[in-house]
1. Of Asp210, Asp302, Asp138, how do they rank once you tally other Cβ atoms within 10 Å and put the fewest first?
2. Which of these, Val143, Val61, Val87, has the largest mean-square fluctuation under a Gaussian network model of the chain (Cα springs below 10 Å)?
3. So, in nm, how far is label Ala14 from label Arg47 when the simple model puts each one 7 Å beyond its Cα toward the Cβ?
4. Out of the trypsin sites (Lys or Arg not before Pro) in segment 99-208, which ones are loop residues according to DSSP with at most 10 other C-beta atoms within 10 Å?
5. Once both axes come from the Cα atoms, what is the angle between helix 98-108 and the longest principal axis of the chain, in degrees from 0 to 90, rounded to 10?
6. Report the calculated FRET efficiency for Val207 and Ala293 (r = Cβ-Cβ distance, R0 = 35 Å), to the nearest 0.05.
7. Which value in nm describes the separation of the simple spin-label points at Asn267 and Tyr130, placed 7 Å from the Cα toward the beta carbon?
8. If you find the alpha carbon centre of segment 233-267 and of segment 319-336, how far apart are they in angstrom?
Amino acid sequence: MSIFDRFFSRKPTAVDPQSLANEGVAPELHGITGWLNTDPLTLSSLRGRVVLVHFWTYSCVNCVRTLPAMTRWHDHYAASGLTIIGVHTPEFDFEKDTANVQSAIKRFGINFPVALDNGYATWNAYKNRYWPADYFIDANGNVRYHHFGEGGYEDAEAVLRALLAEAGYAPAASRGVAAPAELLHIGTPETYLGFERSEYLGSPESVRKDEPRRYSAAREPSSRIYYLNGLWSIHDGYATSAEADASIIYKVTSSTAHLVMEGPAKNAARVLITLDGKPLTAANRGNDVVVSASASQIEVRDGRLYDLFDLHGSTGTHLLRLDFLDPGVKCYAFTFG
C-alpha cells in the first residue's frame, strides 16, 4: 500500500473564527528562486483569500505523508477562496535542483503552487525551524494558526473552513480528513549518517571526516544503532560507500523504512536489501525495490527518499542490511514509520 493510501473519513469540528488568535501580519514570500505549478505569487496579491503556507521538502518522509491532505484541500477549497503555497525549502543540496523538485511534484501528484526557497529567505522570514510546518493566513493577511509536524488534519481543516467562512466564502461540505499515521510504536529514531548530525553510529572505529576508512559491524548488532561495514567516507552531510560491497547494518523497530540516497554522478548504483537475512518479497518491499527470484534490489540515481521495506502497519524489530554493489552512493538519512 502506498503511503498516499489514506482513509479520509472523520469530519472536522466547527471552529469559531474569533477563537483564533491574531499572530501578526504574515511575512511576505522573500527570495523565491522559482515557481512551479503557477505564475509568481505574493501574499499581498492574495488579499481577500485564505492562504496556507506549507513548508516542506521532497526527501522528508514526514512532509511526504502530509501531501495527500494538501492536494485534497487544494482540490476541494481552491474554488472557495483557499490558496495553498508549498514553500519548498531544501534540507540537502540535491533538493535545490529544480528538475529534482519537478520530478517529485510529478511523482507525488502535487497540484498546488510550489515556491522554491533555496536560500531559506522565506523560511527565515517566518522564523521557521520545522519540516513540515503550516501557517494559516486569513483574508486580511494575518497569521491566525500554525501547526508543526504531521497529523492535526482535523483541526487544520476546521481552521481553514472557519477562515473561509469569516472571509465571506461558502466552502463546500468537508469530504473528511486524513487519518493520522500510526507513529506510536516506532522504536528507531530518524538517523543521519553525516558527520554533523551523527548520533547512532555503532562501528567501533573512530571517524576520520572526509577520508576513506574501513569500518566494521558487531557480530550481534544492537538495536537503535547502525553499523557501517567496509570502506566508507563520512562527510558533513552524508556517508559515501567507497568500494563495492560496502554495507550498512541496522537493527530497527518499525513498520516502514526509508533512506535518502543519491547515486554517483546520477549514474545508477545497485543496492541489495535483505531483512532478517532474507531478500524482500513482493509483499514487504518498499516502492523503490525490485524483487527477483533470489534478490531484492534498488537502483539509486537521483537524490531523493527511497522506500526500503513496508510491513503494512505490522511493527516489529528486524535486522536490515544494505549491500552497495557499486561505490559512490551518498547516504544521508534514515527515517521510519
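Bear in mind these aren't lab numbers, they're just calculated from the coordinates by the rules spelled out. Remember, predicted model here, so these are calculated numbers, not experimental data. Cβ sites come from the backbone with ideal geometry, for glycine too, and all protein chains shown count toward neighbours.
1. Lowest count first: Asp210, Asp302, Asp138.
2. Maximum fluctuation in the GNM of the chain, among the listed residues, is at Val143.
3. 3.1
4. Loop-located and lightly packed - Lys127, Arg129.
5. 80
6. The pair Val207/Ala293 has a calculated efficiency of 0.35.
7. 4.3
8. For segment 233-267 versus segment 319-336, the Cα centre distance is 3 Å.
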